[in-house]
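The values are calculated or read from the model by the stated rules, or taken from the named source; none is laboratory data. The model shown is predicted, which means the values in this text are computed figures rather than measured ones. Cβ atoms come from the backbone with ideal geometry, glycine included; neighbour counts cover every protein chain shown. In case anyone asks, the SASA skips ligands and DNA or RNA and just uses the protein heavy atoms, side chains included. Shrake-Rupley method; radii C 1.70, N 1.55, O 1.52, S 1.80 Å.
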Amino acid sequence: MAEAISFGEEQELIASSALDFMRSRCSFEAVREWMETEAGYDRALWREIAELGWLGISLPEEYGGSGLGATEQISVVEAMGRQVFGSPFLANTLAAELLYLAGNDEQKQHWLPQLISGTRVGSVALGESSGAWDFGDFTARAELDGSQIRLTGEKCFVLDGGNADLLLVACSLGGKPVVVIVERSQVPDTALRVERLVDETRRSARIRLDGVSVPKESLLTGADASGALRRLQLKGALLVSAEMAGAAQGVLDLTLEYLKTRVQFGKKIGSYQALKHPMVWIMVGVEHSRSLLYRATTLWDAGGGSEELENAVRMSKVQSGDACTHAVDRAIQFHGAFGFTWDCHAQLFFRRAQWAEYTFGDAAHHRRHLSELLFKDDAPLSVSSS
Amino acid sequence: MSAEPEVSQIELDTFRAEVCRWLDENTPSAPAFKLPDSFLEVSSDEQFEYLRAWQRLVYDAGYLGMSWPSEFGGGGRPQIFQDIVNDEMAAGNHPFMLNIVGLMWAGPVILKFGSDEQRRRYLAPMLRADEIWCQGFSEPENGSDLANVQTTAIRDGDDYIINGTKIWTSLGTQAHHMILLARTDPSAGTKYQGLTFFLAPVDHPDVEKRPIRKMTGEFGFNETHFNNARVPASCVLGEEGQGWAIAMATLAFERYAEGGQAGGLDMVQLRVSELVEMARECRLDGRPAIEDPVVREELVRLSVEERAIEMNDLRRHIPGLCRERPDAIGLMRKLVTSEFRRRMTRFAVSLQGEAAKLYIGDPGAVEDGDWQRHYMNAYSVTIGGGTSQIQMNILGERVLGLDKG
Ligand SMILES: Cc1cc2nc3c(=O)[nH]c(=O)nc-3n(C[C@H](O)[C@H](O)[C@H](O)COP(=O)(O)OP(=O)(O)OC[C@H]3O[C@@H](n4cnc5c(N)ncnc54)[C@H](O)[C@@H]3O)c2cc1C
């Protein structure tokens, strides 16, 4: 039996240094500055993050990675969530992992060091306009044409699509899912439309693929793409779950600070049970989120591809999602009218939560999957027969 | 507690196997009469004797009080062994212990604050259920506001004379001893001062007990009247005036915020998997409940929370993962588990459709109406031991650092 929750010195070291770094370098004021820029992030800081080894934290050292696990990786992501940090970290991390999972040796050797060192930014183009969170049945298509692959269709919600030098595009080839490497230079500017997001610290894009053509060596041929995509989808859910657990903690801290300073009726407002008691449940939500998150990363690092892992990741996303969306909701209310302003940092968390909840599956999506995992032999009531 | 010696995994695995075998062979079969949901609702002599015999059997086999010092009747072994026993008892839902007030609350405070003489006198008979313990904290006028207790204990030579009324005394009718919080100095400055903690005999001519009936129809607690009851000064635990601090330590053990209990289960274990089974069997509005998407969704919600509680219990022992709020998981445990039990049992009843109205004794009741009773008895844990609202105050103030109201 795998340890139920693993813990290592390295992990604690990374967690505390990531938190220190985030707090000192990514203040809410700085986040607000980056938010106003087109790219949404600071390139000098990006290089620092690369130097810290975070971009390849869970990838093998032969590609420039740190050779650690998901456990260390999510420690960094949790810290980022606490400060509502944006950047192409998620996009780049997922691109590198997809390359690692599905690329052939040559593709890995060529691209991974560039993504891990931060010299090029990668992203994954998974979603489509259907909004389906179970990736696999893509309407975007690839067709072989001599030495070229011709693409058609459209990809949506592409994380940092406008910032990426390299896109790993999921599409179908002969009815089966495949992943194709598309360089930004191969996509005409007019084919890429930056999406307007609720979370202004984030960037994403919609990309029309019609007319895009890439050499046939761009097809990832290292492993079965559908398996790799399933795994990536879980990893995405896990990382966003970590981000939400961190954001829930961040907004809890922010709100507590206000409850300890704001005075009404001659008392600190935090002394009123109408505020105090809901804050306790927010804290409980954060504690639950962290416990389920560390359980999921422990299983991830134990190397399971099992149902138990899937179960744990989905539970983690459900829990962090519920905890975070609830925490931000109360944060606005408990700051009064100030909470309703642009200047109050609660809105940053609120908007981040809205973004994260609907990224890699909302809580309802994962609960549906969990119900299938938990009640395998029991037919659900079908919509038509009700 | 001192640092515990390392125990090898092989030794632990062997021990676990031995425990499983012992439990298989020794757990008594279910009796002809109905057992209560927990030690709190013991209402009849047959229930009492059955549970007492079981506790004795477990203790005599060496599976209770394993981490307590052997000179006082304990096993003198690392805590991990008792944890394994507790785990296996919970997994198999074996009967709970009877003398919980002693094993989980009084025992640990006697170990922590008592003299060797007191430890020798009280602990072994407590472990064997030869002497039953109860708790005299609450009074008719002072429940949540525990520090306001008005029962007095006035020094008279080598004795104290106790007057006043305690209430909601679980197992009070059968108890030999009470952990009692009383006021020895009514003129002391604040309500927290002048309180003293007693190990008081309640099998006593001047202590009168009146049973109280519960909403379920069961008994299990009572009023306890002290009418000039004379007890020897050797019954004081710690020092005179130290009562409040010891009462707070007692509550930390009672709420499992601190470890060191003798072990065993304190109530029937309820799990979401049982609800899933029930949802398969029960028909809701004419269809199997498990096919209803709303039922499935709620079962998933409960499953996620149940897992989170389990994982909290593991994470709690890894300080590196609890740095920012080291006390949070321990202090929130009582609130979280009791409220979870209440919501879960309420939902369990709702799975039964119209049969949800039937109660224990009706031949058509689902699982003999046990869940209806589980639901009602769930309030014993959201109220007893400090209400959920008081837990939220404690967490808000002590863990989150918010001002007192
Ligand atoms: C099954 C059971 C067994 C028990 N066994 C024992 C026992 O063996 N020994 C013993 O000493 N006691 C025992 N108790 C008593 C228990 O500890 C008290 O019931 C509890 O502390 C609450 O006190 P109370 O009943 O007087 O309620 P009150 O204190 O009167 O509370 C009434 C309501 O007001 C709320 N409230 C009170 N103060 C506040 C506040 N400051 N902020 C917000 N809300 C507040 C409470 O949450 C509750 O909802 C038992 C209780 C039960 C239900």
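Key figures
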read-out: Cα-based helix-to-principal-axis angle, A:225-259 vs chain A, degrees rounded to 10; value: 20 degrees
read-out: Residue among B:Glu46, B:Glu354, B:Glu339 with the largest mean-square fluctuation in a Gaussian network model of chain B, springs linking Cα atoms under 10 Å; value: B:Glu354
read-out: For the stretch A:262-276 versus the stretch B:184-211, the gap between their alpha-carbon centres in whole angstrom; value: 36 Å
read-out: Under the Karplus curve 6.51 cos²θ - 1.76 cosθ + 1.60, θ = phi - 60°, whole-Hz ³J(HN,Hα) for the stretch B:392-397, x wherever Gly or Pro sits; value: 5, 4, 4, 5, x, 7
read-out: Fraction of alpha-carbon pairs over 40 Å apart in chain B - percent; value: 18 percent
read-out: Paired Rg and Dmax values of the stretch A:9-120, which use every Cα atom, in angstrom; value: 14.0, 43
read-out: Residue-normalised accessible area of the stretch A:287-336, given per residue in Å² at a 1.4 Å probe; value: 27 Å²
read-out: Carbon plus sulfur fraction of accessible area for the stretch A:270-341, probe 1.4 Å, in percent; value: 55 percent
read-out: Structure-based [θ]222 nm, chain A - -39500 (n - 2.57) summed over DSSP H runs of at least 4, per residue, nearest 500; value: -16500 deg cm²/dmol
read-out: Residue-by-residue Karplus 3J(HN,Hα) for the stretch A:208-220, coefficients 6.51, -1.76, 1.60, Hz, glycine and proline x; value: 8, 9, 3, x, 7, 9, 10, x, 5, 5, 7, 6, 6
read-out: Where B meets A: accessible area buried, both sides, 1.4 Å probe, Å²; value: 4200 Å²
read-out: Amide H partners (placed H, <5 Å) of B:Tyr160, local residues excluded; value: B:Val231, B:Ala233
read-out: Positive-end residue, the stretch B:272-405 charge dipole about Cα centroid, Cβ charges, pick of B:Ala356, B:Met278, B:Val300; value: B:Val300
read-out: Amide H contacts of A:Ala140 (H built 1.01 Å from N, under 5 Å, at least 5 apart or other chain); value: A:Glu154, A:Ser172
read-out: Rounded tilt (10° steps) of A:105-117 against the dominant C-alpha axis of chain A; value: 30 degrees
read-out: Choice from B:Thr190, B:Thr250, B:Thr169 with maximal GNM fluctuation in chain B (Cα, 10 Å cutoff); value: B:Thr190
read-out: Of A:Lys155/A:Lys176; B:Lys112/B:Lys191; A:Lys176/A:Lys216; A:Lys108/A:Lys235; B:Lys166/B:Lys209; A:Lys260/B:Lys404, those spanning more than 21 Å from alpha-carbon to alpha-carbon; value: B:Lys112/B:Lys191
read-out: Between 0 and 90°, nearest 10: helix A:346-357 axis offset from chain A longest Cα axis; value: 40 degrees
read-out: Residues in the stretch A:301-326 that, when all protein chains are in place, have 30 Å² or more less accessible area than the chain alone would give (probe 1.4 Å); value: A:Met315
read-out: Cα-based convex hull, the stretch B:272-399, per residue volume (Å³, whole number); value: 114 Å³
read-out: Magnitude of the charge dipole, chain B, Cβ model with Lys/Arg +1 and Asp/Glu -1, debye to 20; value: 740 debye
read-out: Candidate aspartates and glutamates - alpha carbon under 14 Å from A:Lys317, same-chain residues fewer than 8 apart omitted; value: A:Glu78, A:Glu243, A:Glu287, A:Glu357, A:Asp362, B:Glu305
read-out: Longest exposed-site-free window of chain A, the sites being chymotrypsin sites (Phe, Trp or Tyr not before Pro) in a DSSP loop that have at most 12 other C-beta atoms within 10 Å; value: A:1-264
read-out: DSSP-assigned coil residues among chymotrypsin sites (Phe, Trp or Tyr not before Pro) in the stretch B:323-387, each with at most 15 further Cβ atoms within 10 Å; value: B:Tyr359
read-out: Fraction in percent of alpha-carbon pairs per bin - 20 Å, the protein assembly as shown; value: 14, 41, 31, 12, 2, 0
read-out: Heavy-atom accessible surface of the stretch B:335-405: percent carbon and sulfur, 1.4 Å; value: 55 percent
read-out: In order through the stretch A:93-100: 3J(HN,Hα) via Karplus (6.51 cos²θ - 1.76 cosθ + 1.60), integer Hz, x for Gly, Pro; value: 4, 5, 4, 5, 5, 5, 4, 5
read-out: Computed helical MRE - 222 nm, chain B, DSSP H runs ≥ 4 contributing -39500 (n - 2.57), nearest 500; value: -12500 deg cm²/dmol
